[in-house]
Amino acid sequence: MISFVNDYSENACPEILEALQQTNYEGNKAYSYDRHSELAAKFIREKIGVSDAEIQILVGGTQTNLIAMAAFLRPHEAIIAVPTGHICVHETGAVECTGHKCIEVAGVDGKVTPEDVRKVCAPQHWDHAGILTVRPKMVYISQTTEVGTVYSAAELRALREVCDEHNLLLYCDGARLSSALDCSDMTWELMGEVFDAFYIGGTKNGALFGEAMVIVNPSLQEDFRYIAKQRGGMLAKGWLLGLQFETLMQNGLYEKIGAHANRMAMIMREGLLRLGVRFTSDSPSNQQFVVFPNSVLRELENDFAWEVISTVDDNSTEIRLVTSWATKESDVHEFLRRVEVCKFN
């Protein structure tokens, strides 16, 4: 079975497995006070060009997002996000369980726009009610988005500007950040410039598990580790997280992982376009969203795996195809060959 279900089906990239094996008998300090976590933090600070950024590596994306919201927001403050935002649809209400409302805005191509933010923050939407409504305080984005699109550098700077206008925090979910760095003009340095906080995804970028929270805004840094511990986010064996990010942040490994995943996705995309397959998203990243006749999917399902996104009609289905660090080019070509055999054009 060749799987295009997600980008975390395999254990971890070889470099991380080798590092884990080589350090298996080390004795390390607990709760991320070890030398590997310190080195990971050092490398991250150097990449983003912010020497005083607070770094805390946590286990998973949902956990990282909910801890961030719990730490950065007061009880009456809310988050602005698009309906497809991960915190809105794929985290079982985890953010709402912290007591913070998600205010959904329309967005464009899965991206929050400055116009969305201005509408939410306009007086007619909440100021007239005074203390009777929640107050917007954070803009949440994903880079890449949940539909595979990416924010350009200009779009990110525009969001930073509107957040400054309305005294809002700008937060980035970087679950698939390696892909975004490869297929957009965003840079590490720009992330350190525009975001108050963001996380660097590991789980979907070659690690066994782990997401590195980066807190750039000094006003958000105090007591973050206390809150992370209270919310169950501090791994006793924190060096396992630190070691992985120490590895990912060296020798361009993180960037290479995103580049490979994107290249496999573009081979797939171009091949499917030649065969007349319809795409529902103009994605330059490692997530591709396509519509297939159900008859074709039935012919493919014994040998290939994907995620079903939606039922288009009685005869067709939208699916998601995802590539990763582990995707083989030969597997992509085999998938394209089989689709062509189904005469999909």
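The values are calculated or read from the model by the stated rules, or taken from the named source; none is laboratory data. From a predicted model like this one, the values you see are computed outputs, not experimental measurements. Here the Cβ is made from the backbone with ideal geometry for all residues, glycine too, and neighbour counts use every protein chain on show. For accessibility, only protein heavy atoms count, side chains too; no ligands or nucleic acids. Shrake-Rupley method; radii C 1.70, N 1.55, O 1.52, S 1.80 Å.
How many angstrom lie between the Cα centre of the stretch 145-173 and the Cα centre of the stretch 282-331?
Between the Cα centres of the stretch 145-173 and the stretch 282-331 lies a distance of 29 Å.
Using a 1.4 Å probe on the protein heavy atoms only, what accessible surface does GLU222 show? Give it in Å² to the nearest 10.
GLU222 exposes around 150 Å² with every protein chain in place.
For the full complex of protein chains and a 1.4 angstrom probe, list THR64, THR113, THR187, THR311 by accessible area with the highest value first. Intermediate values should be presented prior to the final figure.
Details: THR64 0, THR113 25, THR187 60, THR311 110 Å².
In descending accessible area the options line up as THR311, THR187, THR113, THR64.
Which of rounded, prolate, oblate describes the stretch 1-123, given a ≥ b ≥ c as roots of the alpha-carbon gyration tensor eigenvalues and a/c under 1.5 marking rounded, otherwise prolate only if a/b is larger than b/c? Kindly include the intermediate steps, with their values, before the conclusion.
Values: a/c = 2.24, a/b = 1.64, b/c = 1.36.
Cα axes put the stretch 1-123 in the prolate bin.
Using a Förster distance of 35 angstrom, determine the FRET efficiency expected from the C-beta separation of ARG35 and GLN221, and round it to 0.05.
Numbers: r = 21 Å, r/R0 = 0.61.
That pair, ARG35 with GLN221, gives E of 0.95.
Out of the DSSP beta bridges found with both residues in the stretch 7-140, what percent are antiparallel (nearest 5)?
Working: 1 of 8 bridges.
Once the DSSP bridges in the stretch 7-140 are tallied, antiparallel ones form about 10 percent.
Starting from the Cα-Cα distance between GLU255 and GLU161, subtract it from 0.36 nm times their residue separation and give me the gain in nm to one decimal.
Values: separation 94, 0.36 × 94 = 33.84 nm, distance 2.77 nm.
Gain on extension, GLU255 to GLU161, equals 31.1 nm.
Non-local amide H neighbours of ILE80 (under 5 Å, H modeled in plane, Pro and chain starts lacking H): which ones?
ILE103, LYS137, MET138, VAL139, TYR140
Straight-line reach from LYS119: which aspartates and glutamates have Cα under 20 Å away, leaving out those fewer than 8 places along the same chain?
GLU77, GLU104, ASP109, ASP127, GLU155, GLU161, ASP164, GLU165
So what J values fall out for the stretch 237-243 if you push phi through Karplus, 6.51 cos²θ - 1.76 cosθ + 1.60 with θ = phi - 60°, rounded to Hz, Gly and Pro as x?
Values, residue by residue: 8, x, 5, 5, 6, x, 4 Hz.
Roughly speaking, to the nearest percent, how much of the chain's 1.4 Å accessible area is carbon and sulfur? Can you show the working numbers first?
Numbers: 7630 of 15290 Å².
Carbon and sulfur atoms account for 50 percent of the accessible area of the chain.
Between GLU26 and ARG231, take the C-beta separation as r, use R0 = 30 Å, and let me know the FRET efficiency to the nearest 0.05. The partial results should precede the final answer.
Values: r = 28 Å, r/R0 = 0.93.
Efficiency, rounded to the nearest 0.05: 0.60.
Ignoring ligands, DNA and RNA, what accessible area per residue does the chain give at 1.4 Å, in Å²? Write down the numbers at each step before the final one.
Working: 15290 Å² over 345 residues.
Accessible surface, normalised per residue, equals 44 Å².
Report, for the chain, the % of DSSP beta bridges that are antiparallel, rounded to 5.
Numbers: 25 of 43 bridges.
Antiparallel bridges make up about 60 percent of those DSSP assigns within the chain.
Using the crude model of +1 on Lys and Arg Cβ and -1 on Asp and Glu Cβ, and no other charge, please compute the dipole size for the stretch 304-345 relative to its Cα centre, in debye to 20.
It comes to approximately 180 debye.
If you work out Rg and Dmax of the Cα atoms in Å from the coordinates, which of (1) 26.7, 91; (2) 21.6, 67; (3) 20.7, 63 do you get?
Recomputing Rg and Dmax of the Cα atoms in Å here gives the entry labelled (3).
With a 1.4 Å probe and every protein chain left in place, tell me how much accessible area LYS47 has, in Å² to the nearest 10.
It works out to around 40 Å².
Report the gain in length on full extension from GLU115 to ILE309: 0.36 nm times residue separation, minus Cα-Cα distance, nm rounded to one decimal. Don't skip to the answer; put the middle values down first.
Details: separation 194, 0.36 × 194 = 69.84 nm, distance 2.80 nm.
So the extension gain works out to 67.0 nm.
Per DSSP H run of at least 4 residues, take -39500 (n - 2.57); add these up for the chain, divide by its residues and hand me the 222 nm value, nearest 500 deg cm²/dmol.
Working: 15 runs with 141 residues, N = 345.
Using -39500 (n - 2.57) per qualifying helix, the result is -11500 deg cm²/dmol.
How big is the accessible area of ASP164 in square angstrom, nearest 10, if you roll a 1.4 angstrom probe over the protein chains?
The accessible area of ASP164 comes to roughly 100 Å².
Taking θ = phi - 60°, what integer Hz values does the Karplus form 6.51 cos²θ - 1.76 cosθ + 1.60 yield along the stretch 101-108, in sequence order, with x for Gly and Pro?
Rounded to whole hertz, the list is 7, 9, 9, 7, 10, 5, x, 9.
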